[in-house]
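One structure is given below, represented as structure tokens, and several questions about it will come after.
What follows is calculated from the coordinates using simple rules that are stated; it is not laboratory data. Here the structure is a predicted model, which means the values were calculated and not measured. Cβ: placed from backbone, ideal geometry, glycine included. Neighbour counts: every protein chain shown.
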Amino acid sequence: MNSSLLVNKATNTQSAIRLPVIGANWKLHKDLAETESFFEKFRSLVDDFGYCEVVICPPFLDIATAVSAAEQTTIHIGAQNLYWENDGAFTGEVSGKMIKASGCSHVIVGHSERRRYFGETDETVLKKLVAALEAGLTPIVCIGESERKNVESVLEKQFRCGIAPLSAEQFAKLIIAYEPIWAIGAGKTATPAIAAAAHRLIRGHVTKRLGAQAANQVRIIYGGSVKPDNAQSLMAQEEIDGFLVGGASLDAVSFAALVNLCKSEEKSESRINQSCNYV
Ligand code: PEP
């Protein structure tokens, strides 16, 4: 379950506790042996995966190994990309149907490196989202500005063209990753205030398009040079529902530290302590 609905008795409004997502985007890293040894170490460093949704996205060729290494745990395996057709003469492509059949539950869509190096656009992102949802996968759709200017207009356009055409039912299954490109792999993290402001902006677009309940429920995670030493202050922001992690996810110790942060994280407590009751 992605989130639990709460009713605030005083205002009779609904809000949501959103289960944090901690995602690993391995990009073009790790072979089969490295995948196996990552999982062996990572599993030994986390004693409870229940505090967040852990999603590890290795390269395609490592997926089968990752799926079996994650057996008997709640670790989810995801792909980093998909094609929008199910099958056909599309050399080199992999479909959502194939990804699902390989044991994945998630797929990253529209990562900035796909947009920058492989010509992906908001239009292809939308096609991929629809294909992922039709295949029964949970898409983690990435949006974010390349420079620290025009943030509002870039996010508005990416949302409007790449995400907003989805139906409410389709949208309910998405995870949105806000990834400012200037912070990816750069060692330059957005400050908690900058990240939270962008997340609020995105949530505002969701409210306008699909209403307050959809906005309350959607997980919006942050990506861009997240590491154990900067994660806590980001995670403390009410708006930030987890992370998509590149570099720091390659090391079992640092990725485990990010997952374990969810256990000690006080936000979930503070969210629960809103004098609300579950419905
Ligand atoms: C990413 O590529 O999604 C990412 C966030 O990378 P990094 O953590 O290395 O900045």
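What is the dipole size for the chain, taken about its Cα centre, with +1 at each Lys and Arg Cβ and -1 at each Asp and Glu Cβ, in debye to the nearest 20?
That gives the chain a dipole magnitude of about 800 debye.
Still on this structure, please answer the following. Once the piece of chain linking Lys263 and Gln170 is laid out straight, how much longer is it, given 0.36 nm per residue of separation minus the C-alpha distance between them?
30.5 nm
Highest first, please rank the peptides 28-41, 63-76, 120-133 by the mean number of other Cβ atoms sitting within 10 Å of their residues.
Put in order of decreasing packing, that is 120-133, 63-76, 28-41.
While we're looking at this one, here's another question. Once amide H atoms are built 1.01 Å from N in the peptide plane, which residues 5 or more positions from Ile56, or in another chain, come under 5 Å H to H?
Sorted by chain and number, the residues that satisfy this are Ala24, His76, Ile77, Gly78.
Which order do peptides 176-184, 80-88, 223-231 fall in by mean Cβ count within 10 Å, highest first?
In decreasing order of mean packing, 176-184, 80-88, 223-231 become 176-184, 223-231, 80-88.
A follow-up question, please. Which of the listed residues, Gly144, Tyr83, Thr65, is farthest toward the dipole's positive end in the chain, when Lys, Arg count +1 and Asp, Glu count -1 at the beta-carbon?
Gly144
Can I ask one more? Taking the Cα centre of the stretch 37-88 as origin, work out the dipole magnitude from +1 charges on Lys and Arg Cβ and -1 charges on Asp and Glu Cβ, in debye rounded to 20.
Using Cβ point charges on Lys, Arg, Asp and Glu, the stretch 37-88 gives about 160 debye.
Put +1 on the Cβ of each Lys and Arg and -1 on the Cβ of each Asp and Glu in the chain; which of His111, Leu210, Gly50 then has its Cα farthest toward the positive end of the dipole?
Ranked along the dipole, the leading option is Leu210.
A follow-up question, please. Could you give the length gained on full extension between Glu152 and Ala64, defined as 0.36 nm per residue of separation minus the Cα-Cα distance, in nm?
Answer, rounded to one decimal: 27.7 nm.
Continuing with the same structure: Just Lys100, Lys173, Lys149 to compare: in a GNM of the chain, with alpha carbon springs under 10 Å, which one fluctuates most?
Maximum among the listed residues: Lys149.
Among DSSP beta bridges lying fully in the chain, give the percent that are antiparallel, nearest 5.
25
Let me ask something else about it. Once each part is reduced to its C-alpha centroid, what is the distance from the stretch 186-201 to the stretch 24-97 in angstrom?
About 27 Å separates the Cα centre of the stretch 186-201 from the one of the stretch 24-97.
Evaluate the distance, in nm, between pseudo-label points positioned 7 Å from the Cα of Ala89 and of Asp251 along their respective Cα→Cβ axes.
4.9
Describe numerically, in nm with one decimal, the distance between label points set 7 Å from Cα along Cα→Cβ at Ala101 and at Arg200.
4.7
Any idea what the dipole of the stretch 146-256 comes to, in debye rounded to 20, about its Cα centre with Lys/Arg Cβ at +1 and Asp/Glu Cβ at -1?
320
Quickly estimate the mean residue ellipticity at 222 nm for the chain, helices only: each DSSP H run with n ≥ 4 gives -39500 (n - 2.57), and the total goes over all residues, rounded to 500.
-12000 deg cm²/dmol
How many nm separate the modelled label positions at Ser233 and Glu36, each set 7 Å beyond the Cα in the direction of the Cβ?
The answer from the label model is 4.2 nm.
Once Lys and Arg get +1 and Asp and Glu get -1 on their Cβ, which of Ile220, Ala197, Ser264 lies farthest toward the positive end of the dipole of the chain?
Looking along the dipole axis, the top candidate is Ala197.
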